[in-house]
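Following: one structure in structure tokens, then a few remarks.
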Amino acid sequence: MKFGAIDIGSNGVRLLIARPLQLDEMKPEWKKVEFTRLPIRLGDDVFGSKEIGKKKIDLLTKAIKAFGLLMDIYNVDFYRACATSAMRDAKNSDKIIKMIKKETGITIDVINGNVESRLILNAFLHLLPANETFLHVDVGGGSTELTLIQQNKALVSKSFNIGTVRAKEKKIKPEEFDKLHAWIKENVTWVPKLKGVGTGGNIHKLGELANIPQGGYLKLKRLEELTEDIEKIDLHERVYHLKLNPDRAEVIDLAGRIYLDVFKRTSITEVMTPYHGLKDGIIQDLWERYFQNQKD
């Protein structure tokens, strides 16, 4: 049995196909069957003009069509396609979704920040020690989601229009950072012995550069050192010496600064890197629905 997740982000568009290794558990281990990421970067258009242009629409349509063919080839049983910040903000998203549905047969769900956060959390929440309190931070191309976690439960969550592509395009409003800082002060700064959890492609890559294993902890000091080191080198060195994809190389230091801006306002000194994201959460959610239906 195979499950498919399409994640349409502001920076990249991803397809994950996976199968559960245990058919009798709600939270099984997953075997990755196929993973494809395409750097379409819808946010380049949206955060400037509020619309997705013709070229990006064409690329997105081709990507979804290709993903559909791959899911057919791999005999995927269930799938879901979710779009996040860029599609939330795009004035022409409804038109694009209808056109892609007509051409590919695939329905795209534009999810809000709270749903996005819930799906991401569902991929790794059960892996966290239940006796510790965590602040989960997910930095994407268009938005940043913060969630306070206690005893493996989300207590409070908030999404902000702060992301790497917005930062690259200088489209983050100063008041959005004010809202972020106020939320942290109200909901987080009072928590003693707080630990961090970071998700998103950029912190995954930063964790890899620091040789942190999946589920390991990246020291905040090391995160700051890495971010500073990357800021000092040009795009060519980032691509050829650090072996980053060009679209990742352009924004990874911006992501590092957003994570640091959040974590430095708390008592956090280290950040867990579960290497899970929205795509993994979609897969887990599809499985849980199937698993529950089978039990019923």
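The values are calculated or read from the model by the stated rules, or taken from the named source; none is laboratory data. In this text, all values refer to a predicted model and were calculated from it rather than measured experimentally. Backbone-built Cβ (ideal geometry, glycine too); neighbour counts: all protein chains shown.
Points worth noting:
- Only residues that are more than 19 Å from His181 (Cβ to Cβ) and either of a type in the set (Ser, Thr, Tyr) or touching a residue at least 40 places away in the same chain (Cβ under 8 Å) (or both) were counted in segment 143-170, giving 4.
- Test: residue in segment 249-261 that is farther than 21 Å from Ala130 by Cα, free of Cβ contacts under 8 Å to residues at least 24 places away in the same chain and in a helix (DSSP H, G or I): yes
- From the options Asp229, Asp247, Asp280, residue that is under 20 Å from the mean Cα position of the chain (by Cα), closer than 30 Å to Lys193 by Cβ and not hydrophobic (A, V, I, L, M, F, W, C): Asp280
- Taking segment 2-70 and the strands (runs of 3 or more DSSP E) fully enclosed by it, the elements with 2 or more residues that are touching an Asp or Glu at 6+ places or on another chain (Cβ under 6 Å), in contact (Cβ under 8 Å) with a residue 24 or more places away in the chain and closer than 18 Å to Leu119 by Cα are at 13-20.
- From the list Lys185, Lys193, the one residue that fits, being touching a Lys or Arg at 6+ places or on another chain (Cβ under 8 Å), in the same structural domain as Ala255 (by TED's automatic domain parsing) and either part of a helix (DSSP H, G or I) or touching a residue at least 60 places away in the same chain (Cβ under 8 Å) (or both), is Lys185.
- Options Leu59, Leu42, Leu16; residue that is under 30 Å from Ile162 (Cβ atoms) and surrounded by fewer than 22 Cβ atoms within 10 Å (Cβ to Cβ): Leu59
- Note on segment 122-160: among residues that are among the charged types (D, E, K, R), in a strand (DSSP E or B) and in contact with a strand residue (DSSP E or B) (Cβ under 7 Å, 6 or more places away or on another chain), the one that is surrounded by the fewest Cβ atoms within 10 Å (Cβ to Cβ) is Lys158.
Let's see how each residue does on (1) touching a Phe, Trp or Tyr at 6+ places or on another chain (Cβ under 9 Å); (2) modelled with pLDDT of 95 or more; (3) farther than 22 Å from Leu146 by Cα; (4) aromatic (Phe, Trp, Tyr):
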{"site": "Gly9", "(1), (2), (3), (4)": "no, yes, no, no"}
{"site": "Ala18", "(1), (2), (3), (4)": "yes, yes, yes, no"}
{"site": "Ile52", "(1), (2), (3), (4)": "no, yes, yes, no"}
{"site": "Tyr79", "(1), (2), (3), (4)": "yes, yes, yes, yes"}
{"site": "Lys91", "(1), (2), (3), (4)": "no, yes, yes, no"}
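- For segment 79-96, a residue qualifies if it is buried (at least 19 other Cβ atoms within 10 Å of the Cβ) and assigned to a helix (DSSP H, G or I), and the qualifying residues are Ser85, Ala86, Met87, Arg88, Asp89, Ser93, Ile96.
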